[in-house]
Every structure is written in C-alpha cells, then in structure tokens.
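The values are calculated or read from the model by the stated rules, or taken from the named source; none is laboratory data. Quick caveat: nothing in here was measured; it's all calculated off a predicted structure. Methodologically, a virtual Cβ is constructed for each residue, glycine included, from the backbone with ideal geometry; neighbour enumeration extends over all protein chains shown.
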Amino acid sequence: MPGLSFRALLCCSARVGDNDDLELPKMPPSSLISKTEPDGGTAARGVEDTTRATSQGVDAISLVNQLHAHSQSEGEKESLDQGSKARSWNIALEGGVLILTLTKGILGNFSFPGTDVAFDVALAIVRNVKTSRDNAEKLDVLRTRMNDLQSAIPSDLSDVHPESQEMFLRFKSKIEEAIVPLAQMDKKAGVVKIFLANLDKQKLDKLSDGILNAVELLSVQTVRYVQQAHKRQEDSLHDIGRKVDAEKLEKAVNKLPRTAAYDSQRTRPIDVCYEGTCEAILSKAKTWASAEADERPRMFWLSGLAGTGKSTIAKTIATWADREGRLGGSYFFSRDVEELSKSSLVIPMLAYHLSKSKIDPSFTKRVSEALVEDDSRVLYQEITVQFRKLIQEPLQSMHVPSTPRNRMLIVVDALDECSDRSDAGKIIKLLLQQLSESHSHLSVFLISRPEPHILDALQLENQLHPTVTRFKVEDFVRTSDIEIYLRHGLANLGPTGWPNIDEFNALVEKSGRLFIYASTAIKYITRGRALANPVQRLKTLLSMNPGEASEDAPYKQLDDLYLRIFIEAVDDDKQVNSQAMVRFRRIVGTLVRLRNPLSTNSLASLLEEDEQVIWTTLDYLGSIIIVPPRNDRDTPPRFFHPSLPDFLTDANRCADKRFFIDVPQLEGYVSQCCLRVMIAKLPDMSKVKRSSLSVLRYACTHWAAHLEITHHDYIEIAEDLLTFIRYHLRDWLNARKLLPLERFIYRSVWSMEVAQVWLAKSNRDDKLENIFGRNFQSLLDEVLPQVHGASYDSVKSMRRIESCHPGTRTAILEQTKDWATKLHPKSPSIFWLCEFGGTGKSAVAASIAEWATEDSFLGGSFFFDQQAPQVDMESIILTIAHDLASFNISMRSSITQALDNVGTYFEDLIAVSLTKLTSRNPILLVIDALDECDNQTATEIINLIFTLPDYNPHVRILLTSRPEPYLCAAFARENKQNFINYSVNPEDSEYGESHEIETYLCTGLSKISGEVEWRGRDDFRTLVEYCGNLFVHATTALRYINLQNGDIETLYSSTTQVQWTKHPTNDSIGFTWEYSVNILGMKPSAIQRR
C-alpha cells in the first residue's frame, strides 16, 4: 500500500504502558488539510489529489510517530496524565480512518488493480487497532471498577446481618468469576489483540453488561434490604413506644382501686341473687337495659333501705351485662374501705372500663392518652376536669350520628357510701349531662339508698329528671324471695323436717323485706356458741318479740337481732361502765370508726390491748363480723353489712346503752391512741419493728381525722396532744421521708390546722401559736421553695426596690388602687404598666404591693431581677403558690393537696386554688419587670394569667414591663376589654409633673445635707431639668452627689463622667432611654433600679 507502513499500523494497538518499541502513528499537520475544489476536476488533478492524499497519510503517520516519541519523552513528566494520552490515541486513529476512507474513494475512480482490497485491509486493520485500543481502555475501566467493587465489600462479614451477608457473598462471587476472563485477555500478545479485537469487544460488552446487571441487582437488593431494615427499625421503635406507653398506662391503672369493679374479690364479698329470687326487679332492669334508646330513660335509679339486697341486684345485673357484652364499666362503693369511699377515682375507673370494653378504638386511644399524660395528672384533678378529659371528649371523638353503636351499661352501686356528698351529686349531674341523644348507646344503672343529697341531684325543677326512671327495691321484694333465700341458707343444717312449717313461716315473717335480716339470722343460727345447736338457736331467735317493723322503724326486727347477738357475746349482768364493757365498746367501736381496716395484731398494738383479748371479743360476733382465722395475722376483721355500724352509732336504734358507740368520745380515744403510738415510736424509728410499721403509718396518717370529730371537752387527750405538738411535731413531719405516707403534704397542713382549731376551741392552745406558725412556714418553705429575693416580703427585707417617694407617681398609684378595688363584673382584671426603663415602674409595683399588704389582699407576687439568674416557669409558679398558701388557709390546703397529687402545674396550684376563696374582697397578684425574663417564659406567663379571672372574678393582676415587641404582641392577642394598658412616653406632656422629680431630688439632697436650701439654688434647677422625667437619672445623680460629699457642681464639671443618651427606636412606642455611668468607678449594676 503506497506510503503506508503495515508495521506502523499494527503498532497502533499498543496500550499505554506496553513495553513495545513501535512508534505511534503521526497526525497530519494542519497545513496539509486544505480545502478541495467542489468538483472532481480533470484526471491529472485527480492523480495530483491522490498523490497529495497519500502523502498526507504518510505525513499523518509520521506526525503520530512524532507525537508518540514526544509522549514517551514526556512520559517521565507527571504533567501528562493517562486521559491526555488516550485522547491523543483517539484523534490519531480517527484521522487514519478518515485518510484511508478518502484515499479509497479517490482511487476508486481509477483502475488500479488491488487497491480496493488493499484499502479495505488497511481500513480493517486501523479499525481493529482502534477497537483493540478501545478494548484496552474498557478493560482498564472494568478492572478498576471490579477492584473498587471488590474492595467495597467488607472483608469481615461477621457483624453483618445474615441476609446482607448472603447478598454480599453472592455479589463477590460474581465479581471474582468476572475477573478470570479479564486476566486471560491481559495475557494475549498485541498483534493477537488486534486480530481478535472484535471478538474481545463482544466479550467485554457481555462482561460489562453482566457486571452492570450484577450491580443493578445488588442495588435493588440493597434498596429492598434498606427499606426492610427501615421498616424493622420503625416497627422496633413503635414496639418500644407501645411498650413505654403500655408501662405508663399500667402504672396509671395500678393507681385505680382494684376492688371497685363488680367482680373484684373483697373481704366483704357481694353475692349474686339466688336463682328464683328478685326476678321481678331483675326482669325490669334487663328489659330497660335491652330496650332501644328512644324507648326508655337512660338512667335507672334503684333505691332502697339498707339490707334490701341492692348490691346483690347490682352485681347480678353487672354479671348479666358482662356476659351479654353490654357492660361498659362498674364501680361499687364501700364505706369500710377508704379508697372505695372516695370520689376522686370513680370517673377514671369508669373511663378505663369503657376503654377496655371495646366501645370504639378512638375512645380507647383518647382515654389511654389522657390517663398517661403528665404522669397521670388527670387522676388527681377535679371531677369535672376528669369527666371532660376521660368521658366527654373521648366520646365526642368517636361520635358519628349515622354509625350504630353497641349499647353499653355503666353500673354504679352504693353511691350513698361515697364519703363526699357534694362530689356524689357532681357525679350524678355529669352522668345525666352526658346521657344525651348523641350518646344514646350509653345508659347508667345507679343503686343507692334514698338519701336526700342523691335525690336532690337527680331532680330537675323539683321533679325527677326526665332522663331518670326510679324503682324502689321494697316494691319488688316478694315473700317468695325471702323464702327461697332462707331455704337455701338453712338446707342440711338440722334434722330432717327442720325447721317445721310454722317455724319457717315465723322466720320469713320476721325477715319482712330485709334480706340482711334473713342473712344475719342464718349466720346467727349456724355460727353461735359451741354448746348451742341450730335448732335451739332458731327457737331463741323466734322467741324475740321486739314488735312489728313500721315505716318509721323499718329496722326494728333487725335491730333486735343485732342486740341479741351482742348480749350473747357478753355476760348479761355487765354494767354500762364496767371495765369489760368499756373495753368491749372500744374494740368494736374502733372497728366501726377506723379509716382503714387494721389486722387484729395492729389493732391490739394501736389500742395497747393484748391481742388475745381482741380475739376473745370477736369470737362470739362471727354472725355479724367477718372474723379471720387466728393464724391469719394480716387480714383485718370486717362487718358483714354497713347496717351494723349504723345500728351501733344510732342511740335511737341501739336501745341497750352498753353497746351504743358514742362517736365523738370513741374518736377521741382512737386519736389519743394514735398520738401515744407516735410519741413512743417517732423519736427513734430505727427501733420500730417491721410488724409495727402498719400501725405507725395509720397513726401518722389519721390522728387528726379522729381528733376533728372529738368533743372539745375530752380532757383525756389534751395532755397527749400538747406533748405531741411541743416535742414531736417535727418528728412527725419528717416521718414522710421514712414512711410511704399517701398525700402527706396536704395531710400535714390539714392535720396541723385541725389541731390548732381543736386546741383553741378547748381553751388549751397554751401559747402554741408560734409552734404551729414555725412548722407551717417550715413545711411550706420545704415543699414550695421560693426564688430568692423574688417575693415582695424578701424584696422589702432586702431593700432591693424602694417604694415610690411620697408625692411621686401619684396619678398612676391612684389609678391602680382604684382599679384593684373596683370589683365591677365589667372591670378589667389585668393592669399592664408598660413604660420605658428608669421611669419607676418597680417602685410603683412595690408601692402597690405594700398598700395591698396593709389591707390584707396581696395574694402573691414575683419581682424579677435583672442581675439574678434566669428562672424557669416551675420556680415562678412555686414562688407565687407559696405566697398564696401563706395568704389564706383554704388556699393553703388546696395548694398542698394539688402539690401532693399532680405536682407543679399552674392550673392546679394557682388557678384552681383561687376557686377555694369565697371572700368578696379582691385578691391582688403583682408581677414586676416581666421583660427581664426570657421571651418564652414571659409569653407563657401572660397566656396563663389571662385564664385566672375565669377561676375567680375577684382576682386582680398588676404587671409591669418595658414595651418589648414580644410582650406587645402577646397582649395584642388578648381581648382588649380584659386589661388596662397604661403606657406613656416620658416626653409626652401628660407623662407627669416635673415637680415629682423636684420633690424626690429635694428630699434626697436634704438627707445628704439638710442645712442647704436646695430649691433656691440655680444648679438645683439645672439638675431637675437634667433628670427630665426619669427617676433613674435622679437616683443616680443623688448617689453620685452623696459620694462627692454633697458637691452638686461636680455633677456637671465633666461630661465624661455621666452621660445620658436618648436612642430612638424603630417601633411605634417612642424612645428607649439608656444611661451610661462611670462615676468614680461605679458600675451600672450598683445603681438601684427604680
């Protein structure tokens, strides 16, 4: 082939780095690539063109060789990288293909034999060289890529998830398999690579595609794995969250009374109705509960006398509703268990039962959230708040009028045994309020005695509420019911045919309509003295002839039975005041009046009696008292029925005075026992045995509850009470740190108040006021820690802020006092004194606080201090709560009760406590320099104080601050009718009179040098003008003059010592005044803020 070296073409396949002595082909110089004529021209011109083209091809190869030589010489230089060499190769090869193609085209017009074949071969070789070169580059790229991929796979997969481990191993295996053909291709000689270039290209393409597929597969698998791992992580986090929520909910539920539900196990068990008894009333109740909502009232009130079987009917209905899937919740009160007589946990218990009844998922979710929120705060809030959060709002969240709901029944038994009658009425009214059309799937089965406070709550305009239907148990008790009950109880006790028909009918007649009589009679017959058999005891019972029961005396037969049992338990000849009868009354009476049941062992320790005496007393009362076995030293004795304590404490019913319990006297005796236990054990609790802890805990918790009911002439207790107050009160207050005493902060305050009142009324206070005062204050200081220097009392004692000087700020003081004492319903409850720094805002706040203190209506205060560390919201709340607790006794009880229950929440400690004040006088709160706390806290305070008038319309709040933008924005969000904004620019003419500054300066200078007539001096007038309307200027000037020994002229002698600067602001308020002080080294912090 003319002008073309075959060997030079072959050398084009050499890769960078090959140890080949061949030279690179050269590119033609740019001068040889010239323009050609548009037409073919003559044959001579064609030969000339062909020769020129051929020579160009040779020159191109020569140029490439020169470039190759140059690149080799420069290869040692680091400036020429592999990318530049590759580009040179591509240019050279593309140029060679172009030249050969053009030459072939030109020579194709002439008849030169073999030229087509020669040029085709040459073109094929050049193309193969290019392909070989491309293959080499692709091979390098693939080798680098696979090495990178292989190195990216962790060498140690032991810590990798098994699923990921398997995925990586499969990918690594594919990469290792792909490396083998690459190594084989590397071993081929240069000429072989040229001739097999196309084949190698196919293999490389296939290999590249295979690697790409493997990478894509790994990518897809990785994405899927990551998604799965993310899902597993989310599920794990959700599981953790659910576990945490479940633990919080369990903690909240554990605070609910476990024995309040109908199916709880109690010491005094409640049975269901015997089959065949009470069928009429049970049928009535079931028909009502099953009827459609619009066909019945939604509250069924079953009332009846004690002992008529109300609780038995309640449990029977609850059991039936539960079996039918209709029971939403149940709460069975009991006066002999303190936690079951409280009203505070009724609503939470019913709400929790409703949530567990699968009434609706949204309801369950809302109730669970409310129960765990803020560490179960709702359990200790007001009943109305509990009802809103746990019943009303959750029901509203699930309310869809068109969606049918399962009918749910709520059963509340023995509401008359709720210790707080007011709360019992609230519960009824709240339930009636909720039983509306929107929640017609709910109904309430209410059981109680017909007490006046319950009847009153169920009435509307002197008639029974239209949502309520009432049934009396007595109207449904049949003689046949009593007969069935007695036959069941007397079965298999005596000989065949016993009792005979006459005896049985007589017993039925004595029982009347009282199941409690029939029940007690059976126990009397079967559990009497060991030497008496059932036949004899039935005859004894039937021989009693107390007279017929009547409407005025429905318990006549029952009372006679109770009395007979007591008489048999003691010798009949015992006198009322004999030692044996006094002991008997004390033991039985203590069981009646205990706030929480005690075991016989603890009872003996409390009463300082031999435990054997306790057992002997109870041995013959087994028919009316649940007496545990003697080897059971933990289970307390209980009454079978609450009608027995009623009998023992009612002088009209208990005819035999030997057994009558005088409640005030008995309470005094138990309180005295509690005091003696504490006096003996509190000084050294390390010596108290574990077995005695329960009685010590009872004494520490309930001594004042017994004292409160004790007659003031019960002189036996006075000396023990005085000894306790004088020498052991502090020991008792410290006992809560060693004994887990429930709600002890509130109990401590309330107990001291009870003792203080009792001693005062018994004329035995014996100058104990200081002792009570110190301990009250010590307890409040401990549980309600104040921010140092923040309350008005501390501000006054530290002289941190002085009140307004007489004759100054008179206009604002008069306006503020007028506002504070005006209790008109439309009068704003909040006064915001908003002025710039140095105008005397804090002095105004101190003056108002001083005035309110003298008139006894300063409820609380907080004076922020710029120099003190920032305080958090909790500290502010505790400081104000401390003031309020010291301000009023009812507030003190409310605040300590809230502190025991829910902690430091503004609503409970301050807002709700304000509702306890019944005084018609104003209650003033002062918060000064609000701008000196952080923005968030200040804004939160504003939001909270605007809620206070809703709790008590007599509350008045004075706020002072600078007109900071965030404070202005917070007030702008409130209704302008609810607050007064007193905000005046110091430059405005109405701001004040210059004579106030003059009076202040004159008085201050007189204290420095009283012999000088300051008002007559020219420099005094200059000083007045110099101070303007800013008291801070005047105060600083007086301090400076005092340091200069009264030399007023030095104040103006050097402008470098004192400079006052007025800075305009960008807001619409006016100007911000600042002062810089450099007076004899005095720092701004040393200047008293006014």
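Across the range 648-664, which residue is surrounded by the most Cβ atoms within 10 Å (Cβ to Cβ) among those that are over 47 Å from the mean Cα position of the chain (by Cα) and either basic (Lys, Arg) or within 15 Å of residue 591 (Cα to Cα) (or both)?
659
I'm trying to understand the selection: among the residues of the range 887-913, which are in a helix (DSSP H, G or I), surrounded by fewer than 22 Cβ atoms within 10 Å (Cβ to Cβ) and either aliphatic (A, V, I, L, M) or in the same structural domain as residue 746 (by TED's automatic domain parsing) (or both)?
Across the range 887-913, the qualifying residues are 889, 911, 912.
Against the definition (within 19 Å of residue 432 (Cβ to Cβ), part of a loop (DSSP other than H, G, I, E, B) and in the same structural domain as residue 469 (by TED's automatic domain parsing)), how does residue 343 come out, yes or no?
It is true that residue 343 is within 19 Å of residue 432 (Cβ to Cβ), part of a loop (DSSP other than H, G, I, E, B) and in the same structural domain as residue 469 (by TED's automatic domain parsing).
Checking the conditions here, which among 630, 658, 653, 690 is under 27 Å from residue 742 (Cα atoms) and among the basic types (Lys, Arg)?
The conditions single out 690.
Any idea how many residues of the range 553-587 are part of a loop (DSSP other than H, G, I, E, B) and surrounded by 12 or more Cβ atoms within 10 Å (Cβ to Cβ)?
So the count comes out to 7.
Do you know which residues across the range 837-853 are among the polar types (S, T, N, Q) and either crowded, with 24+ Cβ neighbours inside 10 Å or part of a loop (DSSP other than H, G, I, E, B) (or both)?
If the condition is that a residue be among the polar types (S, T, N, Q) and either crowded, with 24+ Cβ neighbours inside 10 Å or part of a loop (DSSP other than H, G, I, E, B) (or both), then 839, 842 are the ones that fit.
Here are 388, 377: which of them is charged (D, E, K, R) and modelled with pLDDT under 90?
377
For the condition β-branched (Val, Ile, Thr), touching a Phe, Trp or Tyr at 6+ places or on another chain (Cβ under 6 Å) and touching a residue at least 24 places away in the same chain (Cβ under 8 Å), what is the one hit in 508, 468, 444?
From the options 508, 468, 444, the qualifying one is 468.
So which residues in the range 278-307 are aromatic (Phe, Trp, Tyr) and buried (at least 22 other Cβ atoms within 10 Å of the Cβ), if there are any at all?
300, 301
Could you please give the count of residues in the range 604-633 that are part of a helix (DSSP H, G or I) and either basic (Lys, Arg) or surrounded by 18 or more Cβ atoms within 10 Å (Cβ to Cβ) (or both)?
7
Please state which one of 357, 303, 344, 330 is under 31 Å from the mean Cα position of the chain (by Cα), hydroxyl-bearing (Ser, Thr, Tyr) and over 23 Å from residue 406 (Cβ atoms).
Selected residue: 344, the only one of 357, 303, 344, 330 that is under 31 Å from the mean Cα position of the chain (by Cα), hydroxyl-bearing (Ser, Thr, Tyr) and over 23 Å from residue 406 (Cβ atoms).
If only one of 478, 487 is under 22 Å from residue 281 (Cα atoms) and either of a type in the set (Gly, Ala, Ser) or in contact (Cβ under 8 Å) with a residue 40 or more places away in the chain (or both), which one is it?
478
Among all residue pairs at least 6 apart or on different chains, which show Cβ distances below 7 Å where the first residue, located in the range 661-678, is among the charged types (D, E, K, R) and the second is surrounded by fewer than 23 Cβ atoms within 10 Å (Cβ to Cβ)?
667/593; 667/709; 676/720
Need the failing condition index for residue 354 against (1) of a type in the set (A, V, I, L, M, F, W, C); (2) surrounded by fewer than 23 Cβ atoms within 10 Å (Cβ to Cβ); (3) in contact with a Pro (Cβ under 9 Å, 6 or more places away or on another chain), just the number.
Exception for residue 354: condition (2).
Looking at the range 649-660, which of its residues are free of Cβ contacts under 8 Å to residues at least 24 places away in the same chain and of a type in the set (Asp, Glu)?
650
Suppose the filter is among the hydroxyl-bearing types (Ser, Thr, Tyr) and surrounded by fewer than 13 Cβ atoms within 10 Å (Cβ to Cβ); does residue 496 pass it?
Answer is yes for this residue.
Residue by residue, here is whether (1) charged (D, E, K, R); (2) out of contact with any Gly (no Cβ under 7 Å at 6 or more places or on another chain); (3) not assigned by TED's automatic domain parsing to the domain that holds residue 595 holds:
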{"site": "621", "(1), (2), (3)": "no, yes, no"}
{"site": "642", "(1), (2), (3)": "no, yes, no"}
{"site": "646", "(1), (2), (3)": "yes, yes, no"}
{"site": "652", "(1), (2), (3)": "no, yes, no"}
{"site": "674", "(1), (2), (3)": "no, yes, yes"}
{"site": "683", "(1), (2), (3)": "no, yes, yes"}
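Which condition from (1) under 24 Å from residue 890 (Cβ atoms); (2) at pLDDT below 85; (3) among the charged types (D, E, K, R) is the one that residue 774 breaks?
The single condition residue 774 does not satisfy is (2).
Quick check: anything in the range 854-877 surrounded by 20 or more Cβ atoms within 10 Å (Cβ to Cβ), within 17 Å of residue 957 (Cα to Cα) and modelled with pLDDT under 85?
no
Test of understanding: among 944, 958, which residue is at pLDDT 80 or above and within 30 Å of the chain's Cα centre (by Cα)?
Residue meeting the stated conditions: 944.
Can you name the residue in the range 325-339 that is at pLDDT below 90 and not basic (Lys, Arg) and, of all such residues, is nearest to residue 380 (Cα to Cα)?
339
Considering 550, 519, which residue is part of a loop (DSSP other than H, G, I, E, B) and among the small types (Gly, Ala, Ser)?
550
In the range 808-836, which residues are surrounded by 19 or more Cβ atoms within 10 Å (Cβ to Cβ) and of a type in the set (Gly, Ala, Ser)?
Residues satisfying the conditions are 820, 829.
If residue 496 meets every condition in (1) in a helix (DSSP H, G or I); (2) outside the structural domain of residue 294 (by TED's automatic domain parsing) apart from one, which number is that one?
Among (1) in a helix (DSSP H, G or I); (2) outside the structural domain of residue 294 (by TED's automatic domain parsing), residue 496 violates only (1).
Output the residue which, of all residues in the range 751-794 that are more than 33 Å from the chain's Cα centre (by Cα) and β-branched (Val, Ile, Thr), is surrounded by the fewest Cβ atoms within 10 Å (Cβ to Cβ).
Result: 757.
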